[in-house]
Amino acid sequence: MPRTGSDPTAAREAPSRAQTAADRCVHGEVRLWPQAAPGSAGWTHRESAFHDPAGGHRIRNVVVPTLIPYLPELGRATGSAAIVAPGGGFVMLSMDSEGTMAAEWLRDRGIAAFVLKYRLAHSGETMADFAERVAAVFAPVHNGESVAAAIADVDRGAAALALADAQRAISLLRSRAAEWEIDPAMIGMIGFSAGGFLATNATRAHDPAERPDFVASIYGGYAQGRPAPDTAPPLFTVVTADDQLCFEETIRLVQAWRAAGRPVEAHIYPEGGHGFGLTSTGHAVDGWPHLLEDWLTALGHLG
């Protein structure tokens, strides 16, 4: 979801930087589905990218879901892997602070990271169309509806397609674990905002091969009204008290894990708003990655 105060109408459209991002990876982008992704085979709109002055590189209209690998040096690899799911309200992806920066942070600590470009709701051909679509998505939230309920209404299925991509990504990593030299029993998911919803909801997959082994939901949430599964993995979550979008969503997420008797570590900071990712806010919340590092170490994912 957008950083508090961002203005999509000020964004400048540009050709997609997917290849630029891939240049910093080992293998470039990896398609999740060998053919057209199920449920969107008839989509004809084109992926595009733009720069938001308040949030950096963004991508919208994703039709072909992919993983972008960020693999650590062999001497530093711990065997663990994490799928990074950027936020953006299921109408865009915040690819810098909630994508590549997070993947590089994980890679530098020996965890194989894979940025997930999941399918999004069609946001129109022009940036004016996009701004109108974003306003429509978040209007219910500003009128008092929960973020989880608003997400459930996005394009009547875009969030479900994104979740299918997330679960497919997890199973794909497991099936190709030897290729990337990762442990198939140590594959987690770290999501931001809408990506945080994907990470926690992936734990409800019917197929165990599609469930993450650990989850970090950064200012995210969970399916409204659904209990956490008895098999829910360890959860780490961070939110600020002044987050107007996902504070209550995060509290409900923690309560769901707690009610199921599943392990959860939660941190609430007083200030920082929504959408900070790995950028500096000048507030205490900037230290949250250190807490994540401690949590990953305690779980055995770091040396």
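For this structure, a couple of remarks:
- Considering region 172-182, the residues that are in contact with a strand residue (DSSP E or B) (Cβ under 8 Å, 6 or more places away or on another chain) and not in a helix (DSSP H, G or I) include one that is modelled with the highest pLDDT, namely Ile182.
- Qualifying position, being modelled with pLDDT of 70 or more, surrounded by fewer than 19 Cβ atoms within 10 Å (Cβ to Cβ) and in a helix (DSSP H, G or I), among Ala152, Ala160, Ala169: Ala160
- Listed by first and then second residue, the pairs with beta-carbon distance under 7 Å, at least 6 apart or on different chains, first residue in region 268-287 and in a loop (DSSP other than H, G, I, E, B), second of a type in the set (Asp, Glu) and crowded, with 19+ Cβ neighbours inside 10 Å, are Gly273/Asp243; His274/Asp243; Gly277/Glu98.
- So Thr200, is it buried (at least 17 other Cβ atoms within 10 Å of the Cβ), hydroxyl-bearing (Ser, Thr, Tyr) and not in a strand (DSSP E or B): yes
- Here Gly195 clears all of (1) closer than 22 Å to Glu98 by Cα; (2) touching a residue at least 40 places away in the same chain (Cβ under 8 Å); (3) outside any helix (DSSP H, G or I); (4) of a type outside the set (Ser, Thr, Tyr) except the condition numbered (3).
- Taking region 203-241 as the range and being within 20 Å of Asp165 (Cα to Cα), of a type in the set (A, V, I, L, M) and under 14 Å from the mean Cα position of the chain (by Cα) as the test, the residues that pass are Val215, Ala216, Ile218.
- Single residue of region 252-275 satisfying the filter (out of contact with any strand residue (DSSP E or B) (no Cβ under 8 Å at 6 or more places or on another chain) and at negative phi) that is surrounded by the most Cβ atoms within 10 Å (Cβ to Cβ): Ala256
- Taken over region 22-49, the criterion of being in contact with a His (Cβ under 8 Å, 6 or more places away or on another chain) and either modelled with pLDDT under 50 or surrounded by 16 or more Cβ atoms within 10 Å (Cβ to Cβ) (or both) is satisfied by Trp43, Ala49.
- Selected residue (criterion: surrounded by the fewest Cβ atoms within 10 Å (Cβ to Cβ)) from residues of region 88-101 that are of a type in the set (A, V, I, L, M, F, W, C) and within 24 Å of Ala158 (Cα to Cα): Met95
The values are calculated or read from the model by the stated rules, or taken from the named source; none is laboratory data. Please read all numbers here as calculations on a predicted model, not as lab measurements. In this analysis, Cβ positions are derived from the backbone assuming ideal geometry, glycine residues included, and neighbour counts consider all displayed protein chains.
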